[in-house]
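Here's the structure we're looking at; comments come further down.
The values are calculated or read from the model by the stated rules, or taken from the named source; none is laboratory data. This one's a predicted model, so the numbers in the text were calculated from it and none came from an experiment. Just so you know, the surface numbers come from the protein's heavy atoms only, side chains and all, with ligands and any DNA or RNA stripped out. Shrake-Rupley method; radii C 1.70, N 1.55, O 1.52, S 1.80 Å.
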Amino acid sequence: MKIEDSVILITGASSGIGMATAIAAAQAGARVAVLARREDRLRALADRLGPDALVLPCDVTMGAQIEASIAAVLRRFGRLDALVNNAGRGLYAPVDRIDIAAYRAVLDLNTVAPLAMMQAVIPQMRRQGMGAIVNVSSGATFGILPGAGAYTSSKLALNMLSDVARLELAEAGISVSTIYPFVTDTEFYAAVSEGQDAAAAEIRTVGPAAHAPDRVAETILDLIRSGERQDDLVPKAYGGSLEM
């Protein structure tokens, strides 16, 4: 798929990987719709995306808000070519101390919401006979990390949903891809719902192997272009394919 003139919808676009992806897509000539809960951040971002950008305050755990957002995209652009499921949050705690309510909230945002977003865009993509979906997972799913069971299990479930959707939707001309970022310099680690000390320790451990969100954004756009099953930014030392 060409990025230029395509319509790309990005969730979690108010910061980090989502914001970087929106900027990179707009610079590549895409018409961009951005979703996030923080409307003030989205309004500020819109100034960097150009007059074609569509700002949609949306909580992607709320089905009615998803439906309204997709309807707004179609009214504005008449089509929807690509979805980037980026919204997510962390939760770090030993298994015996995972707060069940917090875990349900993480599953709702990291796993259920991307599925709901896919279900919302697939009908339009079927009508078009083409589309691309990129689900943002985590390189942390490549290993078994103490304290990361809640977060990585939510992302592992997303990985399987992505692979099954890819198989099911191929005949409709819809590619479903998964991106596995490594530790990325974003607000993610400061915004984990629990276990900030463990998150900070993870950043210290990888040190210079961490990367900027711009690098993830370019990889996401490459997946939209190619339709490949997956790509990762995980160093080989941590189980990925990246040469350091």
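Just a few scattered comments:
- Rg(Cα) / (2.2 N^0.38 Å) computed for the stretch 1-71, rounded to two decimals: 1.02
- Amide H contacts under 5 Å for Leu233: Tyr180, Phe182, restricted to partners 5 or more places along the chain or on a different chain, H placed in the peptide plane at 1.01 Å from N.
- Here the contact order of the chain, divided by its residue count and restricted to Cα pairs under 8 Å and six or more residues apart, works out to 21 percent.
- Per-residue ellipticity at 222 nm from helix content only, as computed over the chain with -39500 (n - 2.57) for each DSSP H run of at least four residues, stands at -14000 deg cm²/dmol.
- Near the amide H of Ala30, within less than 5 Å, lie the amide hydrogens of Asp5, all on another chain or at least 5 residues away, with H placed in the peptide plane.
- Between 0 and 90°, nearest 10: helix 39-49 axis offset from the chain longest Cα axis: 60
- Candidates Ala165, Ala44, Ala36, ranked by Gaussian network fluctuation over the chain, Cα under 10 Å, top entry: Ala44
- Carbon + sulfur, % of accessible area of the chain - ligands and nucleic acids excluded, 1.4 Å: 52
- Computing Rg and Dmax of the Cα atoms in Å directly from the structure and comparing it against (i) 16.6, 47; (ii) 16.9, 50; (iii) 17.5, 56 singles out (ii).
- Per-residue ³J(HN,Hα) for the stretch 216-229, Karplus 6.51 cos²θ - 1.76 cosθ + 1.60, θ = phi - 60°, Hz, x for Gly and Pro: 5, 4, 5, 5, 4, 5, 4, 5, 4, 5, 8, x, 5, 5
- The stretch 21-42 and the stretch 50-117: distance between their alpha carbon centers, rounded to Å: 14
- Solvent-accessible area per residue for the chain (1.4 angstrom probe, square angstrom): 45
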